[in-house]
Amino acid sequence: MYKAIIVEDDLMVCAILERQLAKFNHLNLVGSFRRGTDALEYLKENPDGADLIILDYYMPGITGIEFLTELRKSNKELQVIMITSADDYSVIRDAMCCGICDYVLKPFTNARLEKAVGKFETVMKLKRETHVWTQDKVDVLLCPHKHYIIDNSSSEPKANKINPATLKNVRSFMSEHKNEKLPLVDVSAALDLSTVTIRRYLKYLNTQGEVEITLDCKTGGRPSELFEYVGADK
Amino acid sequence: MRNFKEKFVLAGNDLEALCERTGGDEDLIEQLMQMFLADTSWEEMCSSIEAGECEKAFRAAHSLKGSSGMLGLSGLFEVMKVITDMLRNGDLDGAETVFEKTKAEYENTVSVIKDFV
């Protein structure tokens, strides 16, 4: 469950946001602030008081960007979705410089809000589960809109390149060696498939949470990846 | 409520958007309309334009633009976009030229809501 707070001075928008955010099972709205300074105070007193901030731009006192600038001095992890009618490029650019997760213009649709929350959840899941930051993972991190989670069935990267029979073989071999950290070449040799192909299937199983990837730095040369079957039940 | 919804639509507003955002909850719609009537952004914008305080007028206009958009008050939202852009650019004269049209739209919106709340 992720903790969310709203920083928004417009009571009408707050009422709508509270209603809409309640629909997301993984979000728990723990606070709502009319001023950025009050939210900063809350976060100072409760360093783990939020995983997600829904942030407006124009508010009494400090703006959303001033809030973000102050926040980022001490916290680079908190995810922020800006929801604002500020439609000028300079504000959007400044928000991007402060590492926002998404920028949603008012008036927003439910579908767009769902997409923003999906992006947030994708980033959180990736941060939690990634041990080796491969290019694929970096790409998802920077463009989560291409991979955002709305339901669990929607995101299976490169599923079209996965042959069910080969997948069955790879999965079967890996499950027979459960909890063993296997180098790519071993799996490749055992199944008589190229390392490129095997890697694709293992990476796919990694996205499904069945295989974990770690780095072996004791090779004497370049670190190599180790693949470990951890089970299908997530 | 049916009467309100009909008037709301006939006045050019976006009922579908309002219902989508509120999940069709009539109590919430009524609460939002009351909040809109209690909101002082319009008065703040008018007095700031009169006083020649462009930045202050812009902030108030921007706020009204945001809430009117969220409530599906399409006619008002459209005129607020125009006047907000002018105030953002410091164009007080331009804002004054569109003020009457904006005022008519605001008053029309308020009368539809007052009938209901």
Anything in segment A:97-145 that is touching a residue at least 24 places away in the same chain (Cβ under 8 Å), outside any helix (DSSP H, G or I) and among the aromatic types (Phe, Trp, Tyr)? List them, or say none. A:Phe108
What are the residues in segment A:108-137 that are surrounded by 13 or more Cβ atoms within 10 Å (Cβ to Cβ) and within 14 Å of chain B (Cβ to nearest Cβ), if any? A:Phe108, A:Asn110, A:Arg112, A:Leu113, A:Glu114
Take segment B:1-12 and flag every residue that is part of a helix (DSSP H, G or I) and among the aliphatic types (A, V, I, L, M). B:Val9, B:Leu10
Taking the options B:Asp14, B:Asp25, name whichever one is in contact (Cβ under 8 Å) with a residue 24 or more places away in the chain, within 11 Å of another protein chain (Cβ to nearest Cβ) and among the charged types (D, E, K, R). B:Asp14
Scanning for something polar (S, T, N, Q) and within 10 Å of chain A (Cβ to nearest Cβ), does segment B:99-116 turn up at least one residue? no
Going through segment A:26-55 in order, the residues found to be assigned to a loop (DSSP other than H, G, I, E, B) and over 24 Å from B:Phe58 (Cα atoms) are A:His26, A:Asn46, A:Pro47, A:Asp48, A:Gly49, A:Ala50, A:Asp51
Log entry, pairs with first residue in segment B:50-69 being more than 13 Å from chain A (Cβ to nearest Cβ), second being outside any helix (DSSP H, G or I) and surrounded by fewer than 21 Cβ atoms within 10 Å (Cβ to Cβ), beta carbons closer than 6 Å, six or more apart or on different chains, reads B:Cys54/B:Gly90
Segment A:56-96, residues that are part of a strand (DSSP E or B) and under 18 Å from the mean Cα position of the chain (by Cα): A:Gln79, A:Val80, A:Ile81, A:Met82
For segment B:55-67, check the following and say yes or no: at least one residue is farther than 30 Å from A:Ala22 by Cα, under 16 Å from the mean Cα position of the chain (by Cα) and of a type outside the set (Gly, Ala, Ser). yes
Could you list, in sequence order, all residues of segment A:9-23 that are among the charged types (D, E, K, R) and touching a strand residue (DSSP E or B) at 6+ places or on another chain (Cβ under 7 Å)? A:Glu18
Among the candidates A:Ala95, A:Ala50, A:Ala39, single out the residue that is closer than 23 Å to B:Thr84 by Cα, more than 14 Å from chain B (Cβ to nearest Cβ) and in contact with a strand residue (DSSP E or B) (Cβ under 7 Å, 6 or more places away or on another chain). A:Ala95
Do you know which residues across segment A:213-234 are at pLDDT 90 or above and either assigned to a strand (DSSP E or B) or out of contact with any strand residue (DSSP E or B) (no Cβ under 7 Å at 6 or more places or on another chain) (or both)? A:Leu226, A:Phe227, A:Glu228, A:Tyr229
Out of the residues in segment A:146-164 that are over 24 Å from A:Phe24 (Cβ atoms) and in a helix (DSSP H, G or I), which is modelled with the lowest pLDDT? A:Ala159
Count - residues of segment B:84-98 that are without any contact (Cβ under 8 Å) to a residue 24 or more places away in the chain and within 13 Å of another protein chain (Cβ to nearest Cβ): 2
Test for A:Leu167: is it surrounded by 15 or more Cβ atoms within 10 Å (Cβ to Cβ), at pLDDT 90 or above, more than 14 Å from chain B (Cβ to nearest Cβ) and assigned to a loop (DSSP other than H, G, I, E, B): no
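Residue by residue, here is whether (1) in contact (Cβ under 8 Å) with a residue 40 or more places away in the chain; (2) facing chain B (nearest Cβ under 9 Å); (3) hydrophobic (A, V, I, L, M, F, W, C) holds:
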{"site": "A:Asp10", "(1), (2), (3)": "yes, yes, no"}
{"site": "A:Gln20", "(1), (2), (3)": "yes, yes, no"}
{"site": "A:Phe24", "(1), (2), (3)": "yes, no, yes"}
{"site": "A:Gly31", "(1), (2), (3)": "no, no, no"}
{"site": "A:Lys44", "(1), (2), (3)": "no, no, no"}
Residue that is surrounded by fewer than 21 Cβ atoms within 10 Å (Cβ to Cβ) and of a type outside the set (A, V, I, L, M, F, W, C), where the choices are A:Asp102, A:Asp51, A:Asp56: A:Asp51
Extreme residue, nearest to A:Ile53 (Cα to Cα), among residues of segment A:98-125 that are of a type in the set (Gly, Ala, Ser) and out of contact with any strand residue (DSSP E or B) (no Cβ under 7 Å at 6 or more places or on another chain): A:Gly99
Output the residue which, of all residues in segment B:28-41 that are touching a residue at least 60 places away in the same chain (Cβ under 8 Å) and surrounded by 15 or more Cβ atoms within 10 Å (Cβ to Cβ), is farthest from the other protein chains (Cβ to nearest Cβ). B:Glu30
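The values are calculated or read from the model by the stated rules, or taken from the named source; none is laboratory data. Note that the structure is a prediction, hence the values are computed from the model and not measured. In this analysis, Cβ positions are derived from the backbone assuming ideal geometry, glycine residues included, and neighbour counts consider all displayed protein chains.
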